[in-house]
Amino acid sequence: MRAWLLSVLVIGCDLEPQKIMPTEPRPSPARDAGVPDAGPTQYIGVLTAAQTVSIVPRVAGLLSKVHVGAGDEVVVDEVVAEMDPVQMQEELRAAQAALAAASSAVTKAMVDVEDARRKLALETKAVEQGVSPTQNVEEARLNVKRADAIAQQARSAKNVEAARVQTVKANVTDTRLRAPFAGTVAQRYRDAGNRVEAGQPIVKIVGHGSMRLRFGVPPQIAKSFPVGTKVNAKIDTITTPVSATVKQVPPSVDVASGLIFVEAELESAPPDARPGLGAIVKP
């Protein structure tokens, strides 16, 4: 009996819940307030051409010819596309006719001025001789002022039409769209037969000159890349690292990426470097 009671007591002691002591949290490492986290030691970049241009017409019209396609090489002043000149030539004829009419209006206005001045002289002489009232002289003076005002308006209208003629002449000349520098056609946007609005690109040309390295950095790191800073880059498909000098650090942040895109000019571009190649940039 005593043995049975002793066993019950032992089992009852084992069923008592154990107390779990709370563990103290580990202290986090101290960090100075106001000091930003260290940024990455390398950044993603891409090679770009220092010279890039989209060939666009100055006025809307029909695109009659496109002489180049993507990948074609072009030289300075080469004609890459042509606009149909018929519409612009008609505009030029209309502008020249309007200028001729404005010139005739100026001639007539000047004749009227001379006639008004002649009548004023006659009325003045008649008043001096006492054969005409003073009121006639005042009216003649007003007629001279009116004639002068009309002549001034005619001269202004002629100047406007003359400027229009010069603008249309320039547009006629600009129907032949030329490459401003030697380069490669990166993209062809329009084909012959399409109507193109003023300012719409027809082809895009990248220059053969110096190349730039464009890479994005966090805003808090951008101050570490002032103009003149040297950086090194490992470019895709090119085994030897290249050096570049920072030329531009824009003040604004790119909304889409949240980065500031720094531009650096390659000090010596490898022969096989071309726009669009990716790069890993290190300070």
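If you go through segment 189-198 one residue at a time, do you hit one that is among the β-branched types (Val, Ile, Thr), in contact (Cβ under 8 Å) with a residue 40 or more places away in the chain and either touching an Asp or Glu at 6+ places or on another chain (Cβ under 6 Å) or farther than 14 Å from Pro57 by Cβ (or both)? No, because not a single residue in segment 189-198 is among the β-branched types (Val, Ile, Thr), in contact (Cβ under 8 Å) with a residue 40 or more places away in the chain and either touching an Asp or Glu at 6+ places or on another chain (Cβ under 6 Å) or farther than 14 Å from Pro57 by Cβ (or both). Looking only at residues of segment 135-152 that are touching a residue at least 24 places away in the same chain (Cβ under 8 Å) and within 30 Å of Leu99 (Cα to Cα), we find that the one that is surrounded by the fewest Cβ atoms within 10 Å (Cβ to Cβ) is Arg146. In segment 116-124, the condition of being of a type outside the set (A, V, I, L, M), over 30 Å from Asn159 (Cα atoms) and assigned to a loop (DSSP other than H, G, I, E, B) is met by no residue. Can you name the residue in segment 199-220 that is aliphatic (A, V, I, L, M) and modelled with pLDDT of 90 or more and is also farthest from Gly69 (Cα to Cα) among such residues? Taking the candidates together, the pick is Val217. In segment 194-210, the condition of being over 30 Å from Ile55 (Cβ atoms) and among the small types (Gly, Ala, Ser) is met by no residue. The condition of being modelled with pLDDT under 95 and part of a strand (DSSP E or B) holds for only one of Ala192, Ala186, that being Ala186. Checking each residue in segment 237-250 for being surrounded by fewer than 12 Cβ atoms within 10 Å (Cβ to Cβ) and either touching a Pro at 6+ places or on another chain (Cβ under 7 Å) or modelled with pLDDT under 90 (or both) picks out Thr237, Thr239, Thr240. Please tell me if Ser132 is assigned by TED's automatic domain parsing to the domain that holds Ala94, surrounded by fewer than 18 Cβ atoms within 10 Å (Cβ to Cβ), under 25 Å from Arg93 (Cβ atoms) and without any contact (Cβ under 8 Å) to a residue 24 or more places away in the chain. So Ser132 fails the test.
The values are calculated or read from the model by the stated rules, or taken from the named source; none is laboratory data. The model shown is predicted, which means the values in this text are computed figures rather than measured ones. Every residue, glycine among them, receives a Cβ derived from its backbone with ideal geometry; neighbour counts consider all protein chains shown.
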